[in-house]
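The values are calculated or read from the model by the stated rules, or taken from the named source; none is laboratory data. Predicted, not measured: the structure shown is a model, and the values here were computed from it. Cβ placement follows ideal geometry from the backbone for every residue including glycine, while neighbour counts extend to all protein chains displayed. These accessible areas exclude ligands, DNA and RNA; they are computed on the full protein's heavy atoms, side chains included. Shrake-Rupley method; radii C 1.70, N 1.55, O 1.52, S 1.80 Å.
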Amino acid sequence: PNFSEDSPSFKQATNGPDGKLWGAALDDEMDNLVRWRLFTEVAEDSLPSWNSVKERASEVVNTLWVLKVKRDGTNEIVKRKGRIVYDGHREHQLAKSRGEQLDGFVATARNGTSKCQFAHAAVHRRRCRQLDVEAAYLQGVKEAGTRTCYARPPPHSATGTRFRKYDERNVPIVW
C-alpha cells in the first residue's frame with residue numbers, strides 16, 4: 001500500500017469501492033463528538049460577525065476530514081478511521097487578524113522511542129504496557145476565560161448546522 005491508499009481524500013474514500021465502510025468510520029467520529037457532548041449547535045447568522053452578503057461569520061472556521069487506514073502487523077486492514085480537524089489555514093488568518101500567534105506544537109512520543117522502551121524492557125525481562133485511550137483528543141477540558149471556537153461541520157456530518165467546539169489549542173496540553 002502507498003500513502004494515497006492509506007490516507008485517501010474524502011472524495012476518493014466515499015466514492016470508492018469501500019465507500020460504505022468509510023461512511024461508517026465517519027459516523028463513528030461524529031458519534032464520538034455527540035457522546036462527549038463536544039458541540040452545541042449554533043446558528044451562524046446569530047454570531048456578531050455575520051455577513052449577510054457572504055452568508056458567513058468571520059469567526060467560524062471550516063473543518064476537514066482526515067482519513068486513515070489502520071493496518072496490523074501482517075499489513076491487513078484492521079479499521080478505517082475518520083478524524084475531524086480544523087482547517088488550519090483559516091485559523092491562522094483569524095489569529096493573525098486578532099494579533100495572536102497559534103502554537104501548533106503537541107508533545108508526542110516518537111515511534112523509535114517506544115521501540116527502545118520495549119527493547120529495554122525485554123532485555124531486563126520486565127513487562128511493558130501500552131494503552132490507547134478511546135477518543136483521548138476529545139477529553140480535554142475548556143478552561144474558564146478561553147475563547148470559544150466556532151466550526152462548520154465537515155461534509156457527511158450528521159447535522160447540517162454549525163457547531164461550537166472546545167478551545168482546540170489547549171486540549172492536547174490539558175490531556
Filter the range 66-97 for residues that are surrounded by fewer than 16 Cβ atoms within 10 Å (Cβ to Cβ), modelled with pLDDT of 90 or more and among the aliphatic types (A, V, I, L, M) and give the result.
I77, V78
Could you please tell me which pairs satisfy a Cβ distance under 9 Å, a separation of 6+ or placement on different chains, a first residue in the range 42-55 that is of a type in the set (D, E, K, R), and a second residue that is part of a loop (DSSP other than H, G, I, E, B)?
E44/E55; E44/R152; E44/T161; E44/R162; D45/S52; D45/E55
Test: residue in the range 116-127 that is open to solvent by 90 Å² or more (accessible area, probe 1.4 Å) and at pLDDT below 70:
no
On the basis of being open to solvent by 60 Å² or more (accessible area, probe 1.4 Å) and in contact (Cβ under 8 Å) with a residue 12 or more places away in the chain, does D28 make the cut?
yes
Mind listing whichever residues of the range 128-149 are of a type in the set (A, V, I, L, M) and modelled with pLDDT under 65?
L131, V133, A135, A136, L138, V141
Sole residue being open to solvent by 90 Å² or more (accessible area, probe 1.4 Å) and in contact with a Ser or Thr (Cβ under 7 Å, 6 or more places away or on another chain), chosen from E41, E55
E41
All-but-one check, T63 against (1) of a type in the set (V, I, T); (2) in contact with a strand residue (DSSP E or B) (Cβ under 7 Å, 6 or more places away or on another chain); (3) exposed (fewer than 13 other Cβ atoms within 10 Å of the Cβ), failing number (3)
Just give me the residues in the range 57-92 being part of a loop (DSSP other than H, G, I, E, B) and within 21 Å of Q12 (Cβ to Cβ), in sequence order.
N62, N75, E76, D87
Would you be able to tell me the number of residues in the range 1-28 that are in contact with a Lys or Arg (Cβ under 6 Å, 6 or more places away or on another chain) and not hydrophobic (A, V, I, L, M, F, W, C)?
1
